[in-house]
Every structure is written in structure tokens, then in C-alpha cells.
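Here is the structure we will look at, set down as C-alpha cells.
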Amino acid sequence: MKIFDVSRKLNNGMPVWPGDTAFQYEVSWPMEESGSVNVGRLELSTHTGTHVDAPFHFDNEGKKIIDLDLNLYIGPAKVIDVIGKESIGAADLIGVDLDGCKRVLFRTLAWENPNEFPERIPHIEPNLAPFLGSKGIKLIGLDVPSVDPIDSKELPAHQSLNEHGIHILESLMLDEIEPGDYELIALPLPLVEGDGSPVRAVLRK
Ligand SMILES: Nc1ccccc1C(=O)C[C@H](N)C(=O)O
Ligand SMILES: [Zn+2]
Ligand SMILES: [Zn+2]
């Protein structure tokens with residue numbers, strides 16, 4: 001079966017949220033020292049690369065990663081083109097058949113240079129979460145690092161998606177993906193205290 005990797009690569013020097021922990025991998029216990037194996041050590045933010053947000057990220061009372069239903073992150077997903085838009089709202093979904101669809105992935109292509117953190121990204125309009133919620137959508141994914149503007153402090157889109165029962169998958173890599181219907185698999189790590197978790201996100205045709 002054809003499988004598309006829609007995850008951003010994790011490597012030293014990769015772009016991270018401004019001011020957040022830099023990603024670092026090192027072989028901390030090399031074969032010469034351990035006598036048998038190379039063992040690595042990771043330092044990273046929970047919002048590194050392609051990742052999911054737990055509601056606890058923006059709500060002290062919200063669910064943590066371990067509490068999230070894994071069914072959210074496995075199953076049919078629709079990739080929708082919203083290229084060149086300033087923002088994404090209900091109007092962008094006119095004519096899109098969302099019947100029976102629980103997961104939508106927006107392909108903005110707004111993150112132009114994958115080696116640098118984007119300065120401007122399209123954001124989610126206030127009417128999107130109520131609209132998607134009324135259609136039964138449970139997961140929204142995007143190819144940019146946030147559903148709110150980068151400098152937002154109130155995070156209104158995070159809050160309103162959460163209020164409508166919609167979970168968030170950020171920083172996908174959808175450059176090579178044709179719009180249409182796929183199966184998504186993007187499981188978070190079993191982080192008991194997690195506010196977010198990197199995922200290996202794939203699409204299958
Ligand atoms: N890592 C951060 C550090 C400071 C302020 C925001 C973030 C974020 O991660 C926000 C983004 N909307 C996110 O959920 O990934
Ligand atoms: Zn995040
Ligand atoms: Zn977020």
C-alpha cells in the first residue's frame with residue numbers, strides 16, 4: 001500500500017517555536033564507552049516538528065496527552081487545499097463534502113522554507129470551529145505550526161476548537177500530497193504529563 005510520510009524531520013538545527021527549547025540529539029553513551037551499543041539522548045519541546053496539542057497546552061484544567069482517545073489519530077482524513085489564504089474559515093469549505101468525515105487536514109503551503117520558522121501563517125477564523133463541530137469533525141490538522149497567529153497570547157482558535165470537541169495536529173508536511181481522501185495515522189507518545197507530543201504522521205491512499 002502506498003504510504004506518505006507527512007512528518008517534519010527531527011534533526012539538530014531544525015526550526016522550533018521562537019524562544020522554545022532547541023531540538024538536540026546526541027549519542028551520549030557511545031559504543032566505545034558502553035562496550036556494546038550506541039545510546040542516544042534527546043532534548044526537545046513537546047511542540048517540536050509534527051505534533052499534537054493536548055488541551056492542557058492552553059487550559060490548566062484540560063486533558064493531557066495520556067487522556068486523549070487514540071481513535072482521534074487513526075482513520076479516514078480529508079486533505080483540503082487552502083493555498084494562498086490569509087485565514088481559513090467556514091467559507092473555504094463551501095462545496096466540500098464532509099459527510100461522515102471526522103478528520104480534516106488543511107494544505108496551506110504557507111511554510112515556504114522548511115529550514116526556517118515561518119514569520120506569518122494563515123490563521124483559523126472564529127466561524128470555523130462551530131462549523132466543523134456541527135459537521136462532526138473531531139481532528140483538524142495543518143501544515144503550519146499553529147492554528148492561531150504566531151504572536152497570539154489568547155489563542156482564541158485553540159480555545160474554540162477545544163470547546164467544539166476538535167483536536168489539533170500541527171506542522172504537518174503536505175507539500176507532496178494531492179487533496180483528497182486518505183487514512184491518517186499520527187499517534188502521540190504515551191506522555192503521562194504531556195501538554196503536547198511529537199507524532200510520526202503518515203497518510204495511506
Ligand atoms: N511552544 C510554544 C512556546 C511558547 C508559546 C507558544 C508555543 C506553541 O507551541 C504554540 C503553538 N500553537 C503550538 O501549540 O505548537
Ligand atoms: Zn503545539
Ligand atoms: Zn497549537
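The values are calculated or read from the model by the stated rules, or taken from the named source; none is laboratory data. Only a predicted model underlies this, so the values are computations on that prediction, with no experimental measurement involved. Neighbour counts are summed over all protein chains in view; Cβ atoms, including those assigned to glycine, are modelled from backbone coordinates with ideal geometry. Only protein heavy atoms, including side chains, enter the accessible area calculation; ligands, DNA and RNA are left aside. Shrake-Rupley method; radii C 1.70, N 1.55, O 1.52, S 1.80 Å.
Any idea which residue in region 129-168 is most open to solvent (accessible area, probe 1.4 Å), counting only those that are part of a helix (DSSP H, G or I), under 22 Å from LEU184 (Cα atoms) and within 16 Å of ligand 2 (Cβ to nearest atom)?
Top of the filtered list is ASN162.
Out of everything in region 2-28 that is within 16 Å of ligand 3 (Cβ to nearest atom) and not charged (D, E, K, R), what residue ends up being surrounded by the most Cβ atoms within 10 Å (Cβ to Cβ)?
Filtering region 2-28 for residues that are within 16 Å of ligand 3 (Cβ to nearest atom) and not charged (D, E, K, R), the one surrounded by the most Cβ atoms within 10 Å (Cβ to Cβ) comes out as PRO15.
If only one of THR50, THR108 is open to solvent by less than 10 Å² (accessible area, probe 1.4 Å), touching a Leu at 6+ places or on another chain (Cβ under 6 Å) and not basic (Lys, Arg), which one is it?
Working: THR108 fails: touching a Leu at 6+ places or on another chain (Cβ under 6 Å).
So the residue among THR50, THR108 that is open to solvent by less than 10 Å² (accessible area, probe 1.4 Å), touching a Leu at 6+ places or on another chain (Cβ under 6 Å) and not basic (Lys, Arg) is THR50.
Among the strands (runs of 3 or more DSSP E) contained in region 1-82, which hold 1 or more residues that are within 29 Å of GLY165 (Cα to Cα), away from ligand 1 (no atom under 14 Å from the Cβ) and at pLDDT 95 or above? Give the derivation first.
On the way: elements: 3-5, 24-29, 39-43, 51-53, 74-81.
Hits in region 1-82: 3-5, 74-81.
Being of a type outside the set (A, V, I, L, M) and assigned to a strand (DSSP E or B) is the filter here, so list the residues in region 95-121 that pass it.
Within region 95-121, ARG103, PHE106, ARG107 qualify.
Pick from PRO126, PRO198, PRO190, PRO114: which is within 15 Å of ligand 3 (Cβ to nearest atom), modelled with pLDDT of 95 or more, open to solvent by 10 Å² or more (accessible area, probe 1.4 Å) and not basic (Lys, Arg)?
PRO198
Only one of (1) more than 22 Å from GLY49 (Cβ to Cβ); (2) part of a loop (DSSP other than H, G, I, E, B); (3) of a type in the set (A, V, I, L, M) is not met by LEU174, so which one is it?
(1)
How many residues does region 10-67 hold that are farther than 23 Å from ALA186 by Cβ, among the polar types (S, T, N, Q) and touching a residue at least 12 places away in the same chain (Cβ under 8 Å)?
Of the residues in that region, 3 qualify.
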